[in-house]
Amino acid sequence: MKSSVNLSAGRSYLAIPGPSVVPDQVLQAMHRASPNIYAGELVEMTETLIPDLRRVARTRHHVAIYIANGHGAWEAALHNTLQPGDRVLVPASGRFAIGWSEMAEALGLEVEILDFGTTAPWDLARIAEVLEADREHRIKAVLGVHVDTSSSIRNDVAALRRLLDAAGHPALLMADCIASLGCDRFEMDEWGVDVMVAACQKGLMVPAGMSFVFFNDRAAAARAALPRISRYWDWSPRSNPEMFYQFFGGTAPTHHLYGLRAALDLIHAEGVENVWARHAHLARAIWAACEAWGEDGPLRMNVPDPGLRSNAVTALHMAAPNGTRLRTWLEQNLGLTLGIGLGMAPPDSPEWHGFFRLGHMGHVNGHMIMGLLGGIDVGLKALDIPHGQNALARAAAVLAAS
Ligand SMILES: *Cc1c(COP(=O)(O)O)cnc(C)c1O
């Protein structure tokens with residue numbers, strides 16, 4: 001460390017790919033006495049969340065709200081549509097797809113993983129082969145992670161629907177949009193997605209603790225055909241806000257609901273399309289800086305093709321252990337926290353310390369992204385990590401060309 005002055009006091013910045021930065025409006029909405037959970041404002045307000053959640057997911061269909069994180073929504077989606085022995089296909093381009101498949105296996109489902117590694121998107125031709133070979137339609141669902149937060153790869157969910165249709169395959173199409181909802185364009189109905197899972201702490205900007213399963217009538221029919229379903233995870237009462245107490249299987253997540261109301265107000269005041277455009281523009285500035293750093297140093301983005309990158313998260317690599325050194329230094333000295341690498345190398349291996357990630361989802365704007373990039377530039381210099389110059393100028397040029 002070259003300076004003994006510590007510059008970390010002031011507002012800290014958590015730039016990890018979830019939980020994301022919580023807007024002051026959301027925090028203020030949550031800062032209140034506990035409301036009545038049986039009648040009155042909370043009950044009426046909760047009903048207004050449903051249409052506004054649908055508008056973010058671009059669906060006319062149903063949504064169930066769970067007091068759970070994303071893992072809970074993963075399990076709920078599977079539990080409401082499938083039963084032990086059913087087969088699911090999981091095309092994977094990162095750790096989160098593998099995680100969802102492990103959950104499926106634990107529920108007694110028969111899992112077929114098509115693992116495309118951590119730097120490539122789904123190989124659609126390979127998936128088509130598997131679907132076409134499945135003439136008996138033993139595969140009941142395809143589980144696709146839209147943006148895999150570990151690799152930062154964005155997969156083509158609409159193309160997966162086209163494959164299913166071309167093969168005349170009736171499997172349900174399920175999408176994990178936990179990282180992408182409210183960041184990368186996602187069109188549930190237009191893309192023919194039957195079930196979509198999301199959580200509140202990423203693009204939806206609410207502290208962790210609430211998650212969502214969106215489902216259409218095909219998925220509801222699969223639920224209706226099941227012989228038995230867990231009372232708690234059943235999505236039927238949870239998609240009917242008139243049954244308020246059953247809606248949450250008990251006490252409502254009171255403060256989270258107020259937080260979500262404020263977050264949805266922010267999203268819809270800006271407009272979902274504008275929210276996506278903001279994420280896309282900020283992501284381009286980040287990538288311009290990363291390219292510049294990489295020109296004269298070993299920093300590289302995990303996904304070489306910009307067309308396959310998510311606008312919500314960027315996975316990066318440097319020579320180990322510089323990823324960990326940079327993260328640690330930035331947190332201790334500048335109050336800036338970057339994300340750890342996930343699923344790219346074994347956690348106990350030396351290589352693990354080369355990977356890190358930037359979260360740029362939700363409540364982020366131009367000056368925050370310039371602050372994020374500026375902080376990284378400071379850290380690279382303070383630690384004498386080789387890097388190309390002009391990163392900040394390149395990012396500024398991207399943002400200036402709005
Ligand atoms: C964060 C995330 C999850 C897990 O969500 P939790 O709330 O941590 O359970 C699953 N899938 C994706 C794509 C994610 O980004």
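Structure notes:
- Leading residue by the ranking (farthest from Ala391 (Cα to Cα)) among those in region 253-292 that are open to solvent by less than 10 Å² (accessible area, probe 1.4 Å), in the same structural domain as Tyr38 (by TED's automatic domain parsing) and small (Gly, Ala, Ser): Gly259
- Residue identified as within 12 Å of the ligand (Cβ to nearest atom), free of Cβ contacts under 8 Å to residues at least 40 places away in the same chain and open to solvent by less than 10 Å² (accessible area, probe 1.4 Å) among Ala77, Ala175: Ala175
- Inclusion of Arg231 among residues that are open to solvent by 50 Å² or more (accessible area, probe 1.4 Å), without any contact (Cβ under 8 Å) to a residue 60 or more places away in the chain and basic (Lys, Arg) is warranted.
- Val88 fulfils the conditions (1) away from the ligand (no atom under 12 Å from the Cβ); (2) surrounded by fewer than 21 Cβ atoms within 10 Å (Cβ to Cβ) except for a single criterion, (2).
- Val63 meets the stated requirement of being more than 16 Å from the ligand (Cβ to nearest atom) and either within 21 Å of Ala141 (Cα to Cα) or touching a Phe, Trp or Tyr at 6+ places or on another chain (Cβ under 7 Å) (or both).
- With respect to (1) more than 24 Å from Gly297 (Cβ to Cβ); (2) open to solvent by less than 10 Å² (accessible area, probe 1.4 Å), the lone exception for Pro347 is condition (2).
- Matching residues in region 356-374 - criterion: being in contact with a Pro (Cβ under 8 Å, 6 or more places away or on another chain) and hydrophobic (A, V, I, L, M, F, W, C): Leu358, Met361
- Checked against (1) within 13 Å of the ligand (Cβ to nearest atom); (2) open to solvent by 20 Å² or more (accessible area, probe 1.4 Å), Leu204 passes all but a single condition, namely (2).
- Residue list for region 95-126, filter: closer than 24 Å to His79 by Cβ and either part of a helix (DSSP H, G or I) or touching a Gly at 6+ places or on another chain (Cβ under 6 Å) (or both): Arg95, Phe96, Ala97, Ile98, Gly99, Trp100, Ser101, Glu102, Met103, Ala104, Glu105, Ala106
The values are calculated or read from the model by the stated rules, or taken from the named source; none is laboratory data. Please read these numbers as outputs of a predicted model, since none were measured by experiment. Please note: Cβ atoms are built from the backbone with ideal geometry, for glycine as well, and neighbour counts cover all protein chains shown. Accessible surface areas use protein heavy atoms only, side chains included; no ligands, DNA or RNA. Shrake-Rupley method; radii C 1.70, N 1.55, O 1.52, S 1.80 Å.
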